[in-house]
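What follows is calculated from the coordinates using simple rules that are stated; it is not laboratory data. If you're wondering where the values come from, they're calculated on a predicted model, not measured in any experiment. Don't worry about glycine lacking a Cβ; one is built from the backbone with ideal geometry, like all the others, and counts go over all protein chains shown.
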Amino acid sequence: MTLEVLDRSQTETAAPAAPVRAKPQRLSIIDCDFHPTVKTIDELKPYLSKRWWERIQTYGLRPRHAFVNGDPYPKAAPRAARRDAWGPDGSQPGSDLAFTQQHYLDAYDVEYAMMGPLYPSGQADQDPEFTTAMVSAVNDWQLDAWAHRDKRLKASILVSYEDPQSSVAEIEKRAGDKSFAQILLLTRTNEPLGRKRYWPIYEAAERHGLPVAMHVFGYSGFPVSGTGWPSYYLEETTGHSAACQSVVASLVLEGVFERFPDVKFINIEGGFGWLAALSWRLDKHWSRLRAEVPHLKRPPSEYLREQLYITTQPMDEPESPRQLIDLMEQVGMDRLLFATDYPHWDFDDPARALPRGLTPEQTRAICSENARKLFRL
Amino acid sequence: MAKHVVATAAEIPDGGRKLVEINGRPIAIFHVKGEFFALYDKCPHEGGSLCTGKLTSLVGSDGPGRYSLSRQGEIVRCPWHGWEFDLRTGKSYCDPVKMRVRNYAVSVEPGARVVEGPYRAETFPVSVEGEYVVVEV
């Protein structure tokens, strides 16, 4: 693949240095989805043993899907990134701290950003031992390369989620460090995330008061849909919403919320409009079929309303903003978390993405206050 | 409406672009095969800077599996969500009525005429030699 590198010499006016912005008075945000990456994988070398570094050199990263050297679907843009997010030296989007500070943290008044390293992360590699080593390396790297160099950046505890024992060990190792704000899983796992094999992760989360974030994607080897492999990236990127509904239904019906009432879950990048309808449907069926799940003491919607947070990006864009606000009210204005997804191409600009008609209080809640309470910032 | 001198014709190569500011308004100037175009720099969707977008073509198809490219370099694709705009009209391909970006008349004028006026070139040194890109705002 040839990457066409943006010539910045003529795309920026001499002054001001920061991108020209629409509104001078902006609301600061707590961004619940920022994706840092490495300039080259060599950045991880100091954190890996000789054995695992040689493994990368010899075999590379081998996620559990068919296209080990790429994505199952071609992304909308190289590295799925905003075209203007490549570094001035041609470095990968989200890999250069100084450029990221100027182009993202300062430009959008980001008070805090939750980091979600997706690649390279080693999550769900074909070799689970390698995953254990890699996620720990990436956790160290998040601190040294980002969180310790800019206090706005909060790390996520990546874990080898298919190996709960190793996950718990990694959580125990990191939990005391306030630089880590959450545990990060991907939504597409070998079994639905409500299944008991994953409960040790939630036990550890409860023990340490850490939210459990679930970002879309994952390397289960299964297609995003319940009916086989779709043809297009457009289908995959839309299909995350449906996949997330299965995850959420699994968490509530398997009794995870009942068993771990203090653990907050965050669904990232799967949309939120569906959550209202899913809650109604779960309650309707539960009222008739509750004998099947006697471990649930209350209607499913009550657990979801209390323990599930959900991010806004990529924002739905109905013709009428009022329709979106109705959905937001159903989901709960106190459960929505603003996310930009920087530096990815489907980035949402906080000044433009929210529907017109929200009250200032609602806007503040979504942009920062809900996250501030959730993460105790 | 006033005519603003924003660049020398030579400084924006074919396929190049320059971001300028006129009356506080960011405007992207594009050069495509000898012609110059000017668009307001903010995408009407979410505000991405069109000046950093890729210049691409109009993709047409007369049947499944068949496609053709025309008007090479005359369509700018927003660097964020990929909305495509016609450099000649500012209209988007998908929703030309609602989703369009302001475009401005551009001409290339010889230095001798620019020096005479009534052009505004307060921030731009002009000499009688060479050619200049002039935007009407």
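Some points to look at:
- Among the cysteines of chain B, those whose beta-carbon sits 4.7 Å or more from every other cysteine beta-carbon are B:Cys51, B:Cys94.
- Helical runs assigned H by DSSP (4 residues or longer) give chain B a calculated mean residue ellipticity at 222 nm of -1000 deg cm²/dmol, each run adding -39500 (n - 2.57) before division by the residue total.
- A simple rule links phi to the HN-Hα coupling: the Karplus curve 6.51 cos²θ - 1.76 cosθ + 1.60 with θ = phi - 60°, which for region A:212-227 gives 10, 9, 10, 8, 4, 5, x, 10, 6, x, 8, x, 5, 9, x, 10 Hz, with x for Gly and Pro.
- Using only side-chain charges placed at the Cβ, +1 for Lys and Arg and -1 for Asp and Glu, the dipole size of region B:9-118 relative to its Cα centre rounds to 240 debye.
- Amide H contacts of B:Val32 (H built 1.01 Å from N, in plane; Pro and chain starts excluded): B:Gly15, B:Phe37 sit under 5 Å, all sequence-distant by 5 or more or on other chains.
- Over all other residues within a Cβ to Cβ distance under 11 Å of A:Leu304, the charged ones net out to 0, with Lys and Arg as +1 and Asp and Glu as -1.
- Look at A:Trp229, A:Trp199, B:Trp80, A:Trp345 and count the other Cβ atoms within 10 Å of each Cβ; fewest to most, that gives A:Trp229, A:Trp199, A:Trp345, B:Trp80.
- Based on Cα contacts under 8 Å between residues 6+ apart, chain B shows a relative contact order of 29 percent.
- Mean per-residue shielding of peptide B:53-64 is 1, counting Cβ atoms of other chains within 10 Å of each Cβ.
- Computed over chain A: relative contact order in percent, which uses C-alpha pairs under 8 Å that are six or more apart: 19 percent
- Per-residue ³J(HN,Hα) for region A:267-273, Karplus 6.51 cos²θ - 1.76 cosθ + 1.60, θ = phi - 60°, Hz, x for Gly and Pro: 9, 10, 6, x, x, 9, x
- Whole-Hz ³J(HN,Hα) from phi, Karplus 6.51 cos²θ - 1.76 cosθ + 1.60, for region A:320-332, glycine and proline x: 9, x, 4, 4, 5, 5, 4, 5, 4, 5, 5, 5, x
- The fewest-to-most ranking of A:Ser156, A:Ser279, A:Ser231 by surrounding Cβ atoms within 10 Å reads A:Ser231, A:Ser279, A:Ser156.
- Overall form of region A:307-377: oblate. Here a/c, set by the Cα gyration tensor axes a ≥ b ≥ c, is 1.5 or more, and a/b is not larger than b/c.
- Within chain A, percent of DSSP bridges classed antiparallel, to nearest 5: 10 percent
- Sequence of A:Leu186, A:Leu105, A:Leu234, A:Leu158 once ranked by neighbouring C-beta atoms within 10 Å, starting from the fewest: A:Leu234, A:Leu105, A:Leu186, A:Leu158
- Close amide H contacts of A:Leu185 (hydrogens built in the peptide plane, cut-off under 5 Å, sequence separation of 5 or more or a different chain): A:Ala213, A:Met214, A:His215.
- Net +/- balance of residues flanking A:Gly228 in space, Cβ distance below 15 Å, scoring K and R +1, D and E -1: -1
- A:Val38 sits among other residues whose Cβ lies under 15 Å from its own Cβ, and their net charge, with Lys and Arg +1 and Asp and Glu -1, is -2.
- Sorting A:327-333, A:337-343 by their mean Cβ neighbour count within 10 Å, with the most densely packed peptide first, gives A:337-343, A:327-333.
- Take each residue in B:40-46, count the other chain C-beta atoms within 10 Å of its C-beta, and the mean is 3.
- Entry note, chain A: the mean residue ellipticity at 222 nm calculated from DSSP H runs of n ≥ 4, each adding -39500 (n - 2.57), is -9500 deg cm²/dmol after division by the residues and rounding to the nearest 500.
- Cα lying deepest toward the dipole's positive end in region B:9-118, options B:Gly48, B:Asn23, B:Tyr93, charges on Cβ: B:Tyr93
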